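What follows draws every value from the coordinates through simple rules; no lab data is involved. As the structure is a prediction and not an experimental result, all values here were calculated from the model. Neighbour counts run over all protein chains shown; Cβ positions are idealised from the backbone, glycine included.
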C-alpha cells in the first residue's frame, strides 16, 4: 500500500483495533450522559456486495463514541492531508451527524475516555437536522501568542447536498488540505466546496492589525446631522395651517330615490325576548338590529351627506426646509489603535499533529453505515483506495437500479400528471412516425426511405444500447460474490 496513516475496511469483521468509550458526557442528564450507543460490524441492510461489511451505528437517541489509533502520527509538513470514508444513511436521517474527528496528539489522550471535549485537530463530514444539510470542515487553530485554540469553520458549500442524505446510497466523503493552505471537500470524488484557510474560514485565522480604541469617546459637540432646518426660513403669509385635509364635495348631488326618512337598520320584528332574560340583571331587553328591507332597492337610507374630497388648498403644518448642515462632521467612529492581540500566521496548514481518528455522535436515526476509512498524504493512493472500495459499491448499486421504463412507471405512480408528458413526448411521436412510414403512399419514395431508414437506425441503436446495459448488469451481478475478495486483494498497494 502507498504511504498511509490509517486504513480500515472492516474486512476482518471485528472491532479489535477500535476502542469504545466508557466515559460520560459532562453537563448532561445521567439518563443520557453515558456513551452507551451500540456499534456493530455488519453488512448493509440492502447490500449489493455480499460479504462487504462496515461499521454501523445501531442506536437512536444515544451518545456514541468510538476511536482508533493511527499507524503513526500525522505531521503537517510538506505533503497534503487526505481523509476519506464512506457513509450510507440506510434508513434515512432525521437529526444527527456522521462526521469524523482527527484527535490531536496530546500526552493525556485516552481513547477509553473519548468525549465531546476531547481535543481534536479537524472535524469533517456530513451533519443534518431538519432541513439543514451540512458538510462540516472545522479545524482548531492554535493562537501563537496565547496558546489557546479556536474553532475555524469553512464556508457553507454552494452545492445542494440534500440528495446525499435521502437517496440511501453509499457516498464517499473526502477532505483534502494542501500545504499551500488550499482545501477541497468532495462527495463521490466531485468537489462541492473549496477555498483557502487564510481567506475562507470563519472567524478568520488572523485578527485585524488595528482595532477601535475601546477608551475613545465621542466629543459632546460632535455634530452628526447631515441636514438641518433652515434657520432663516419664514412661513409664507398665505400659508393656512388650519385648512382641513378633506372637504365636502360641493358638486355632489343626492341620488334619486334616496330614502331620507328610513333608517338603515331596524329592530328585528321576529326577535323574541329570551325566557331567562332578567331585566334587573340584564337591563331592558331590546331586539337586535337588522338591515332595513326598505333600503334594499334604494340607493341609500337615512340623512344624506355629501362625500368628502381632498382639499386643494390644504398645506398642513408649515416646517422650515432642510439645508446642508455647515457644521456636519460625519458619523463619529473611535480612533484606530494597534491590536494588542494581533498576530500573523501565514501557514495555518501547519496544524496540531493528530494520532487517532474517532466518531463522537448523537443521532435520532439508527443504522448509519460507515466504511473504508483512509488517511494518507498521497492523492493517487487515496484514489486507488476509493476506486477499489467505494467504486465497487457504486458499480453494484448502479447495476441493481431499475431500468428507465421502471423508473418512469415509478415516477408516474407518485405524480400521475407525468402520464400526459409521456404521451406527448414518447407515444405520440412514435405513432406519427409509424403512420408516416406505413401509410405514406403519395410521398416520394426517397423521403419515405430516408425517414423510415433513420427511424430504423435509431431503433437498432436503442436496442444495442439496451443489450449492452443488460450484459453489463448480468456481468456485475455475476461478479458480486467475488467483489469482497477482489477488494481485499486490490488493497495491497506497492
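Between the range 385-399 and the range 1-23, the C-alpha centres lie 20 angstrom from each other. Measuring nothing but how far apart in sequence close Cα pairs (under 8 Å, 6+ apart) lie, relative to its length, the range 251-375 scores a relative contact order of 26 percent.
For residue 3 and residue 337, the FRET efficiency from 1/(1 + (r/R0)^6), where r spans their Cβ atoms and R0 equals 41 Å, is about 0.25.
I need the shape label for the range 42-104. Rule: rounded when a/c is under 1.5, else prolate if a/b > b/c, else oblate, with a, b, c from the alpha carbon gyration tensor. Prolate, since a/c reaches 1.5 and a/b exceeds b/c. Along Cα→Cβ, 7 Å out, is where each label goes; now give me the distance between the ones at residue 254 and residue 112 in nm to one decimal. For the pair residue 254/residue 112, the computed spacing is 10.3 nm. Extension gain for residue 163 to residue 212 (0.36 nm times residue separation, less C-alpha to C-alpha distance): 13.1 nm.
Using the Cβ-Cβ distance between residue 309 and residue 241 with R0 set to 22 Å, the FRET efficiency from 1/(1 + (r/R0)^6) comes to roughly 0.65. Shape class of the range 71-118 from the Cα gyration tensor (axes a ≥ b ≥ c, square roots of the eigenvalues): oblate, since a/c reaches 1.5 or more and a/b does not exceed b/c. Between the alpha-carbon centres of the range 182-217 and the range 310-357 there is a gap of 21 Å. Taking a ≥ b ≥ c as the square roots of the Cα gyration tensor eigenvalues, the range 163-285 comes out oblate, since a/c reaches at least 1.5 and a/b does not exceed b/c.
Any idea how far the Cα center of the range 32-78 sits from the one of the range 93-142, in Å? Result: 13 Å between the Cα centres.
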